[in-house]
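Worksheet: one structure, shown below.
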């Protein structure tokens, strides 16, 4: 393998994802692709993104779980209204369901009758993707770098960390990490790390952390980082040309 390419936080933006892979000249025979989570929710084509992620995984891509996939799994597998409403109403899950051709009302009876998990299993594409998500890993650790969705817990061994912490952690990691290995992560849009609402570039922290979530679904950028060169390839939605 000549290089590693890492991409995170696609959030249903299939067109940008495909454009980024083309721009990066991703070659399944020459490159190792790492996908760092949050393929779904908010954007228009979550099901399409998961289709492509599954194809890429069969061709050798290593795929990590994001907190949004964890939310979908918990909502659909548990059937608990609390987890379902959290996902579909607060975290963009309604957009994911729409990408499969469903509306929230389609699930109302199953929620009321406490049969959501079995109902989901009758929806072939959603069930297929849930089973795909269940194959995703939590982090990738190499000799000099760790790839993870959210971050790591400072001072706690990876093997002793609650797996959900790797998906959800933010400020404690951003400010507190002091390890020797570089951490490449998504989850937190880089404008928050830059503390600038218009700055979506990759964040290179002084404490050996690199944030690559450019907030594409919010109008920012979708990034790929090459490792070990640290070269950045980015795409963004083309803005319409103004007409005088």
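Each value in this text was obtained by applying a stated rule to the coordinates, not by laboratory testing. It should be emphasised that the depicted structure is a prediction, and the values quoted were computed from it without experimental measurement. Cβ placement follows ideal geometry from the backbone for every residue including glycine, while neighbour counts extend to all protein chains displayed.
Summary of computed values
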quantity: Contour minus Cα-Cα distance for residue 106 and residue 206 (0.36 nm per residue); calculated: 31.2 nm
quantity: Percentage, to the nearest whole number, of Cα pairs in region 69-133 over 20 Å apart; calculated: 11
quantity: Net length gained if the chain between residue 59 and residue 90 were fully extended (0.36 nm per residue, minus Cα distance); calculated: 7.8 nm
quantity: Exposure proxy ranking, count of Cβ atoms within 10 Å, fewest first, for 34, 166; calculated: 34, 166
quantity: Within region 74-101: backbone nitrogen closer than 17 Å to the residue 125 label point (7 Å, Cα to C-beta); calculated: 93-101
quantity: Residue order, fewest to most beta carbons within 10 Å, for 149, 194, 174; calculated: 194, 174, 149
quantity: Residue order, fewest to most surrounding Cβ atoms within 10 angstrom, among 78, 47; calculated: 78, 47
quantity: Helix-only CD estimate at 222 nm, as mean residue ellipticity for the chain, using -39500 (n - 2.57) per DSSP H run (n ≥ 4); calculated: -9000 deg cm²/dmol
quantity: Whole-number percent relative contact order across region 156-244, with pairs defined as alpha carbons under 8 Å at least 6 apart; calculated: 19
quantity: Relative contact order of region 1-143, defined on C-alpha pairs under 8 angstrom at six or more residues apart (%); calculated: 23
quantity: Relative contact order %, the chain, counting alpha carbon pairs below 8 Å whose residues are six or more apart; calculated: 21
quantity: Computed FRET value (nearest 0.05) for residue 199 with residue 135, which takes r as the C-beta separation and R₀ as 35 Å; calculated: 0.50
